[in-house]
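So the structure is just underneath, and the comments pick up after that.
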Amino acid sequence: MCSTENNAELQATSSDPALILELKTRRPPSLEGRAGCETWSVDFSPDGGWFAWSMGHGIVWVVAWPLDSEDSQDGETDRGDKSFSCGHPVWGLAFGPRPPKSGKSARPARTPPKGNNRLLLATGLENGVIKIWNVLSGVAVFDLHGHEGVVRDLVFPQNGTLTLISSSRDKTLRIWDLAHKGKKVQVLSGHKDWISCCSVSPDCSMIASVGRFDRMVCLWSLRSYTFMRNLTGGPHKTLHLLSSCEFSPDGALLATAAFSGSSWWIDLWDPYTAEKLATLVDYFEDYGQNQVSSIQFSPDGLYLAIVTDDRALRIWEPGKKGMVMQTKADRDSNGLCCKYHPQGGVVATGTRDGHVRFWRAPRTVPSLCHLCRSILRHSVSTHQMEPLPLPKRILEYLTYRNIPERLKTCCSSDEEEWEG
């Protein structure tokens, strides 16, 4: 197996202090900048010990994390780099299964524990096929057929099962049972155009999906496989595109990302009541020259990572003024996707030129209030919270309705005023 250094150039020098390092894919000059080079998706394994990215031209590269860990083979575990040739451009990928959330934090180990040979990598291809790989052996286990368009996103629920959810440009989501090699499948139909992204609530009760052109934010029941509601309601007066969605780690919030010719914005929703709680918006002067590509909550739920055309990475604390961290303005950042490390502190972003950047993300010790809310909201819905005999301020905090009215619509730039 080839080493990372032979296939990607490792760079740790940058004028941006937040950049830890960058992996630049090595390819023939004739392929540089051409369609098919994009890193559409990146992911960390559930224990944080592996990192995968689609490096363009149908190749997925998997490396041990952290990158400076020594390659080793102890008879059970091969920690060397792994290259998976998928035959078609890779648009989505996901590690699984993902164990249920517990009190013990994930600890990336140089030698994964026994049973880690169950670690799978699902890759969604441009031709509609999903290939399932055994990460440690590097063997393609089986293919899933059914989608008739690009498989844009893949998600394993956080319940330890071999269930896989996929979303596609064929306007459908599919739920696969990998324990039966995908033979048991549910198809969710309702979108009127391409599906950009999907996300599963932490309690594994709901799936959220956003349609790029139909501008629908749909919620589906993962228990009954039925449509629940469209958060955006009826027809829209403003032409815009939806690009990404993400549940908060406690499941009490759903963030969606959208953009138009002159602005991009992040909406925060209560998925139980369909109420829009807050909006972060950014305006720009160059019409049609900016878009938001990807969003993701930090593992502790304190921050939201945002990837846009004009900056490689922004990190926002929902409801607060300005960015907690943002990289330098760069029209050539070409960001497409982002993923937090399971332990936080690091965000990986993928670019249109097939490169991967690792950024130093803020670390904050969560307050006792935040920890209590996170634990409570993971298992208690808004409808169950509202009847409780709690003081108004506590109830507003627990249901994320404590955002001041003047901050419900705000600008991401520090120089711009936040509007009420």
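Which one is least open to solvent (accessible area, probe 1.4 Å), of the residues in the range 188-197 that are more than 23 Å from C337 (Cα to Cα) and touching a Ser or Thr at 6+ places or on another chain (Cβ under 7 Å)? Residue satisfying both the conditions and the ranking: L188.
The residues listed here are G128, G160; of these, the one that is open to solvent by less than 40 Å² (accessible area, probe 1.4 Å), modelled with pLDDT under 95 and either closer than 26 Å to L219 by Cβ or in contact with a Pro (Cβ under 6 Å, 6 or more places away or on another chain) (or both) is G160.
Here S201 fits the description: open to solvent by less than 30 Å² (accessible area, probe 1.4 Å), farther than 25 Å from W359 by Cα and at pLDDT 95 or above. Out of curiosity, is G160 in contact (Cβ under 8 Å) with a residue 40 or more places away in the chain, among the small types (G, A, S) and at negative phi? It is false that G160 is in contact (Cβ under 8 Å) with a residue 40 or more places away in the chain, among the small types (G, A, S) and at negative phi. Does any residue of the range 140-150 turn out to be of a type in the set (V, I, T) and surrounded by fewer than 16 Cβ atoms within 10 Å (Cβ to Cβ)? Within the range 140-150, one or more residues are of a type in the set (V, I, T) and surrounded by fewer than 16 Cβ atoms within 10 Å (Cβ to Cβ).
Is there a residue in the range 293-300 that is part of a loop (DSSP other than H, G, I, E, B), without any contact (Cβ under 8 Å) to a residue 60 or more places away in the chain and either on the phi < 0 side of the Ramachandran plot or open to solvent by less than 30 Å² (accessible area, probe 1.4 Å) (or both)? Yes - at least one qualifying residue is present in the range 293-300. Of all residues in the range 333-385, those satisfying the criterion of being free of Cβ contacts under 8 Å to residues at least 40 places away in the same chain and of a type in the set (S, T, Y) are S333, S367.
The set of residues in the range 321-358 that are modelled with pLDDT under 95, farther than 16 Å from T25 by Cβ and assigned to a strand (DSSP E or B) comprises M325, Q326, A329. The set of residues from the range 67-88 being modelled with pLDDT of 90 or more and open to solvent by less than 40 Å² (accessible area, probe 1.4 Å) comprises K82, F84, C86. Scanning the range 163-187 for residues that are open to solvent by 30 Å² or more (accessible area, probe 1.4 Å), among the polar types (S, T, N, Q) and touching a Ser or Thr at 6+ places or on another chain (Cβ under 7 Å) yields a total of 0.
Of the residues L302, L280, which single one is under 24 Å from V155 (Cα atoms) and not hydroxyl-bearing (S, T, Y)? The match here is L302.
The values are calculated or read from the model by the stated rules, or taken from the named source; none is laboratory data. Source: prediction; values computed, not measured. Heads up, the Cβs are rebuilt from the backbone with ideal geometry, glycines too, and the neighbour counts pull from every protein chain shown. Side chains included, ligands, DNA and RNA excluded: accessible areas come from the protein's heavy atoms. Shrake-Rupley method; radii C 1.70, N 1.55, O 1.52, S 1.80 Å.
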